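First the structure, then my questions, so here it is.
The values are calculated or read from the model by the stated rules, or taken from the named source; none is laboratory data. Only a predicted model underlies this, so the values are computations on that prediction, with no experimental measurement involved. A quick note on method: Cβ atoms are made from the backbone with ideal geometry, for glycine too, and the neighbour counts reach across all protein chains shown. Each accessible area value is taken on the protein alone, full model and side chains, heavy atoms only, with ligands, DNA and RNA left out. Shrake-Rupley method; radii C 1.70, N 1.55, O 1.52, S 1.80 Å.
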Amino acid sequence: FSDLIDGENGILVPEGDIEAFAGALSRLLSDRDLARRLAVNGRRLVADKYSLAAAAAGWQNIFNWGI
């Protein structure tokens, strides 16, 4: 997930690290501006990376690869 989550669109914590998870969750709950910024940036990332146009371009690349 580190190729998608960059600190501007989410908080990545090590798997199984309950302390890090609790700290990140506490930070989000106490900092509304941070939570909003991450939400907006996360939505933007999904819209850009996984839009219909991006998916179509990816399929077009696959189909053209064989030519």
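To the nearest 0.05, how large is the calculated FRET efficiency for residue 40 and residue 12 if R₀ is 22 Å and r is the Cβ-Cβ distance?
Using R0 = 22 Å, I get an efficiency of 0.80.
To the nearest 20 Debye, how big is the dipole of the stretch 1-54 about its Cα centre, given +1 on the beta carbon of each Lys and Arg and -1 on that of each Asp and Glu?
360 debye
When the accessible area of the stretch 3-58 is computed with all protein chains present and a 1.4 Å probe, what percentage of it is carbon and sulfur?
Using a 1.4 Å probe with all protein chains present, the stretch 3-58 comes out at 59 percent carbon and sulfur.
Amide H to amide H, which residues 5 or more places from residue 10 or on other chains are under 5 Å from it, using H placed in the peptide plane?
none
Another question, if that's okay. Keeping every protein chain present and rolling a 1.4 Å probe, give me the accessible area per residue for the chain in Å².
Averaged over the residues of the chain, the accessible area is 84 Å².
With θ set to phi - 60° and the Karplus curve 6.51 cos²θ - 1.76 cosθ + 1.60, what are the ³J(HN,Hα) couplings of the stretch 14-22 in order, to the nearest whole Hz, using x for Gly and Pro?
Running phi through 6.51 cos²θ - 1.76 cosθ + 1.60 with θ = phi - 60° gives x, 4, x, 8, 4, 4, 5, 4, 4 Hz.
Then there is this: Which of 24, 53, 35 moves the most in a Gaussian network model of the chain with Cα springs under 10 Å?
For the chain, modelled as a Gaussian network with Cα springs under 10 Å, the answer is 53.
Which Cα, out of 5, 26, 47, lies furthest along the positive dipole direction of the chain (beta carbon charges, K/R +1, D/E -1)?
47
Excluding residue 13 itself, calculate the net charge of residues whose Cβ lies under 12 Å from the Cβ of residue 13, where each Lys or Arg counts +1 and each Asp or Glu counts -1.
-2
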